[in-house]
Each structure stands twice: as structure tokens, then as C-alpha cells.
Amino acid sequence: MTGFSPEWLALREPADHAARNPQVLAAVGAHFAEKSSIAVLDLGSGAGSNLRASYAALPDRQHWTLVDHDVELLDFARERLKDWADEAREQGEELVLTKGGKSITVDTRRIDLDRDLEWVLGWQPDLVTAAALFDLTSKRWIERFVAALASQHLPLHAVLTYDGREDWQPAHPADAGIHAAFTEHQRRDKGFGPAAGPDACEIMAEAFRKSGFAVSTGDSSWLVDDRFGELRAVLAEGIAGAVGETARIEPSALNEWLLARREAHSARIGHQDLWARPV
């Protein structure tokens, strides 16, 4: 999978947390409301943002296994979680946290989600989660993933899956061409085969419904305004970099767009959250 830096993940976390769909998260919390404890498997966990965003909706005793291919990110996640917690201590390989009255143990594992997917899901967690992951994976991988969850009757809370909507303000004449080239880049192989990109959420929802799951989705779009000025600039640079790799846009036109977008008033970037549970 394409790597992400700790700096990028830290920069986007406030926007991620602001964007998450509260109704979808509430439905997840309601499903586990009668449990005193829960085991959560977080795929492509990055810096541990998913834990920090959703722990409050889950039972008082939680065990999280953070899975990522990047050891640097897993180490960074442990340090971020220590700083975030009210109390933190090491217990062997596990991190034991207290936060907001919740007791949370954290285990980190370096895993290749393409090679080892079924083995990881065989750990039988109560809940599988992932953030900003599935648009990077392929249609074939998503269908394989859903089949593996269905075979073990595991529910999924997936957040911040990119859905292809972008609205920069004020508008720029190059927006449509830039977006088309960016979408082309999004569909390139990110380590799981040709990426589903903006179709990922729809592909996943359809696969779950065919497998007999109850599925609900909700908007979780970023609103990148003046609250997130640095993120807006870095986002524009990332889009321009991806578009430049396609050679679809003249460099001078791309640079003009980038200069304008660094100073844009706002950008709304479409994402979807999904909650799928076996029935």
C-alpha cells in the first residue's frame, strides 16, 4: 500500500474527526451498548486516529488491535496514544490506557492486509474498523474482504471512504480537468490491484447487502475551510502532485490551479461512513 507520513496523518486528524458521521457512530455504539467489553480490530490503523475518534461510543473496557504495514506508523501511534490518554503504561507488548473513564488496552501488529487478510480476521474481534482505507483497495479485494467478514459474522464500521465529490470555492476553470485526472490517478494500483477509488463505498455496500448484512451509510465529507488552512494547502499540493503524474494537464495550467487553490476559501471533499452488521 502507498505510505502515509505521520505528519500528514496528524495534520488531517482534526478534519477527520469533525467530518465523521455521528448517526452512523451512534448506531455502532447502540449495537454494543449491552456489552461490558469489546475487542476491536482496526485495519490500516495509521496513527491510531480511529481509536481516538470512536472510543467514547464503545463499552467501558476495550481491547484494540491496531494493524498496519508500516512499523514507523505503529510506533508513532503508540506515542500519540500515550500523550492523548489520561493515564498510560506499558504492560509487556501492550499499551494500557485510561481515557474518559474507559479502560483501553492496545496491541500493535505489522500485517500485510493483502497476503494475511483472512488470518487477521480469524482473530475473531467483536468489531472490525477502518478509516480512509477502502478507496485504496480494489473491487476484487473489497469483495474478498466482505466474503471473509460474512464467513465469520463480523460487523464493520468503515469511515472516511472517499466518494469522488469535490467542491472548491471559489470555482476555477481548471477544476473539472484536474478532478478527472485526479480520479484517473485514484484508480491506479495502491497495493491491492486497480483501486476502486470513488466507487469503493458503493461496491462495499452492495457486497454486504448481497451477503445478508444490514447496511447504513452517512455523509462524512471534509469541510476544509479557514479552520484547516494548512491542511487545505497540503491537500491541494497532494492533488496537484497526483495529477502531474498522469500528464493529463499542462504543467503551467496545473501550477496556476495550485496557486489558486492554496488560497481557496474552502474545499468540500466527499467521504462516506458505513456500518454493516450481519443479521
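Beyond 14 Å, how much of the Cα-Cα pair distribution for the range 200-279 remains, as a whole percent? Percent of Cα pairs beyond 14 Å in the range 200-279: 70.
The modelled label-to-label distance for the pair ARG187/ARG140, using points 7 Å beyond Cα in the direction of Cβ, is 1.7 nm. For the range 10-154, a/c is less than 1.5, where a ≥ b ≥ c are the root eigenvalues of the C-alpha gyration tensor. That puts it in the rounded class. Coupling constants for the range 37-46 follow from the phi torsions by the Karplus curve (6.51 cos²θ - 1.76 cosθ + 1.60, θ = phi - 60°), and in residue order they are 8, 8, 10, 10, 10, 9, 8, x, 5, x Hz; glycine and proline get x.
The order of TRP64, TRP141, going from fewest to most other C-beta atoms within 10 Å of their C-beta, is TRP141, TRP64.
If you take the beta carbon distance between ARG209 and SER151 as r and set R0 to 25 Å, what does 1/(1 + (r/R0)^6) give as a FRET efficiency, to the nearest 0.05? That pair, ARG209 with SER151, gives E of 0.95. How much FRET efficiency would the formula 1/(1 + (r/R0)^6) give for SER252 and GLU230, where r is the Cβ-Cβ distance and R0 is 30 Å, rounded to 0.05? Rounded to the nearest 0.05, the efficiency is 0.70.
Between ARG262 and GLU93, the contour length at 0.36 nm per residue exceeds the alpha carbon distance by 56.6 nm.
Using alpha carbons only, the radius of gyration of the chain set against its Kirkwood radius gives Rg/Rh = 0.97.
Legend: distances between Cα atoms for LYS35/LYS82; LYS82/LYS102; LYS139/LYS190; LYS190/LYS210; pairs beyond 19 Å are LYS35/LYS82; LYS190/LYS210. Residues SER211, SER138, SER252, arranged from fewest to most other Cβ atoms within 10 angstrom of their Cβ, appear as SER252, SER211, SER138.
Entry note, the range 95-231: relative contact order of 27 percent, from Cα contacts under 8 Å with a spacing of 6+ residues. Modelled this way, with points 7 Å down the Cα-to-C-beta line, the labels at THR105 and GLU202 are 4.4 nm from one another. Quick check: Cα centre of the range 5-42 to Cα centre of the range 75-149, how many Å? Taking the Cα centre of each part, the range 5-42 and the range 75-149 sit 12 Å apart. Compute the relative contact order of the range 69-168 as a whole-number percentage, counting only Cα pairs closer than 8 Å that sit 6 or more residues apart in sequence. Averaging sequence separation for qualifying contacts and normalising by length gives 21 percent for the range 69-168.
Each of LYS139, LYS210 has some number of other Cβ atoms within 10 Å of its Cβ, and from fewest to most they run LYS210, LYS139.
Using Cα pairs under 8 angstrom and six or more residues apart, how large is the relative contact order of the range 1-107, in percent?
Normalised by residue count, the contact order of the range 1-107 is 24 percent.
For the range 169-220, the dipole from Cβ point charges (+1 on Lys and Arg, -1 on Asp and Glu) about the Cα centre works out to 200 debye, to the nearest 20. With R₀ set to 35 Å, the beta-carbon distance separating GLU34 from ASP219 gives a calculated FRET efficiency near 0.80.
Coordinate-derived values only; no laboratory data. No experiment lies behind these values; they were computed from the predicted model shown. We place every Cβ from the backbone using ideal geometry, glycine too, and count neighbours over all the protein chains shown.
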